[in-house]
Amino acid sequence: MSKNFDVVVIGGGPGGYIAAIRAGQLGLSVACIDAWQNAKGGSALGGTCTNVGCIPSKALLQSSEHFEMAGHGFAEHGIGVEGLKLDLATMLKRKDKVVQQNNDGITYLFKKNKVTSFLGLGSFVGKVDGGYEIKVSRSGAADETVVGKHVVVATGSNPRALPNAPFDEKRVLSNTGALAIGDVPKTLCLIGAGVIGLEMGSVWRRLGAEVTVLEALPAFLGAVDEQVAKEARKAFDKQGLAITLGVKITKVATGDADVTVEYDDAEGKPQKRTFERLIVSIGRVPNTDGLAADAVGLALDERGFVVVDGDCRTNLENVWGIGDVVRGPMLAHKAEEEGSAVAERIVGQKPHVDFNTVPWVIYTHPEIAWVGQTEQALKTSGRAYKAGTFPFLANGRARALGDTTGLVKVIADATTDEILGVHMVGPGVSELIAEAVVAMEFKASSEDIGRICHAHPSLSEATKEAALAVEKRALNF
Ligand code: NAI
């Protein structure tokens, strides 16, 4: 006998678990099916983000930053450290504990919001009276079936492998292996200088690896505002993160103790280099493995994404798609917004998700964060704008922190002064960007930010000053 629910969510990542919690809050009966298992075989809710993505990477970024500071940053503060040593096993254990705390947090939230959790892979069986039948299967357990009046597909994404170089998680690592290397490799190559490449490259460089990053595109961080990307590149070069642009990978050969990467460099000259480990971070592909989309005729596009409209409706009545498995940026917080909005649409509310105000953050040092349009995009579109920048070098708090790399840049419409984009590189900008998002959501002008009182001394003053600089009236620069 199938159990019936108002909503069945397939996938317990940030999109799925938020959809389930919000639906529970709204009084709907909800099931969430997720296959992720912890080492003990229990449920590990939270998806890629919690288990092998955002959360563990931030734990390792923090630990490795402490290690780097103790080794190279404390001296200028008059703090000497002798006998500094790395206990990688403890560092990785702490990361695992942080992950588990987050898994447990979601389990608690499911109980609190009366979400029924099913451990296993969810797949469509067919359309039945009252909704869709979904099978839950996992090895070692009998299949179960549930029926959902509404189904939310939130099955996320998988790392994209290079052709002929499958992930073995020993020498050729995805994000999963990159977070669990048991000893610091002497030499580490990352293919793809995107978000994962830069974050994971930073972690292992700080811990002592000689890191090489090979990127196919000729421009560094092409989607980022050029001025910010240039500033970040300068900082990474100084740190010794060796980034090579414009490469074409031709071959990856895995040996017992190393991996050889062959590529044509930007001049087209063939190169061959051997590394202890290789992390491939060239983007992700939507995950519909085992979903049996065909069983109900759920439409996928040619790249495998579940096809949805602006409101996350699929081609099937009462079937919704959210997060990495549908169009748009593969970001946890974008998935969360969609999850929440879908639950609200199911009960007839009219929520709105503004994709133009989805912030982006890269948690390197310096951090990189932005929202809205870049200067180069505005130039291409021909929209008249004015821009103001303010360097952290002129910010008192940044000087006190000893962390003055970077800048804040505010871009506003030339006529109306509406903020069109805010771009940051520097200390704490992963937090500072929130002010810019709020401002843009409220259609603020640069003058609005310039007239708001910001605490002194704080890094947030750089945002106010950059806003003032739009009218060429920064006070401290
Ligand atoms: P990405 O899309 O950020 O970067 C992939 C990079 O690989 C691009 O620069 C691309 O030009 C390059 N590339 C593609 N094919 C290549 C090839 N054959 N050879 C060399 N370079 C190649 O993807 P990434 O870093 O794998 O991350 C996956 C997803 O996870 C992204 O959508 C990202 O936004 C998300 N993510 C977000 C984080 C955050 O918000 N802080 C952290 C980590 C991941």
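The values are calculated or read from the model by the stated rules, or taken from the named source; none is laboratory data. Because the structure is a prediction, the values reported are computed rather than measured. Quick reminder, even Gly has a Cβ in these numbers, built from the backbone with ideal geometry, and neighbours come from all protein chains shown. Surface areas here come from the heavy atoms of the whole protein model, side chains and all, with no ligands, DNA or RNA. Shrake-Rupley method; radii C 1.70, N 1.55, O 1.52, S 1.80 Å.
Numbers for the structure displayed
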read-out: Per-residue [θ]222 nm for the chain (sum of -39500 (n - 2.57) over DSSP H runs n ≥ 4, rounded to 500); value: -9000 deg cm²/dmol
read-out: Distance (nanometres) between label positions extended 7 Å along Cα→Cβ at Ala142 and Gln62; value: 4.4 nm
read-out: Per-selection Rg to Rh, the stretch 161-282 - Cα, Kirkwood hydrodynamic radius; value: 0.94
read-out: 5 angstrom amide H check on Cys32, placed H, neighbours 5+ away; value: Val9, Thr116, Ser117, Phe118
read-out: The stretch 161-282, relative contact order in percent, only Cα pairs under 8 angstrom and at least six apart counted; value: 34 percent
read-out: Net charge over other residues, Cβ less than 10 angstrom from the Cβ of Glu276 (K, R count +1; D, E count -1); value: 0
read-out: Amide H partners (placed H, <5 Å) of Val319, local residues excluded; value: Val151, Thr314
read-out: Share of carbon and sulfur in the accessible heavy-atom surface of the stretch 357-469 [1.4 Å probe, %]; value: 55 percent
read-out: Isolated Cys residues of the chain, judged by Cβ distance under 4.7 Å to other cysteines; value: Cys32, Cys189, Cys312, Cys453
read-out: Between the stretch 411-453 and the stretch 201-258, the Cα center-to-center distance that results, in Å; value: 30 Å
read-out: Only Lys, Arg (+1) and Asp, Glu (-1) charged, at Cβ; the stretch 161-282 dipole about Cα centre in debye; value: 160 debye
read-out: Most positive-pole-ward Cα, Gly140, Gly297, Thr48, against dipole of the chain from beta carbon charges; value: Gly140
read-out: Relative contact order of the chain, pairs being alpha-carbon contacts under 8 Å that are 6 or more residues apart, as %; value: 14 percent
read-out: Under the span-like rule (Cα at least 15 Å along the axis, Kyte-Doolittle mean at least -1.0), DSSP H helices of the chain; value: 14-25, 54-68, 88-112, 195-206, 332-346, 429-441
read-out: P(r) tail fraction, the chain - alpha-carbon pairs more than 32 Å apart, %; value: 47 percent
read-out: Mean accessible surface per residue for the chain, computed with a 1.4 Å probe while every protein chain stays in place, in Å²; value: 46 Å²
read-out: Net charge contributed by nearby residues that have their C-beta within less than 13 Å of Ser174 (K/R +1, D/E -1); value: +3
read-out: Length released on extending from Ala400 to Leu475, taking residue separation times 0.36 nm less the Cα-Cα span; value: 25.1 nm
read-out: Radius 14 Å from Cβ of Glu338, net charge of other residues (Lys, Arg +1; Asp, Glu -1); value: -2
read-out: The chain - charge dipole about Cα centre, Lys and Arg +1 at Cβ, Asp and Glu -1, debye rounded to 20; value: 460 debye
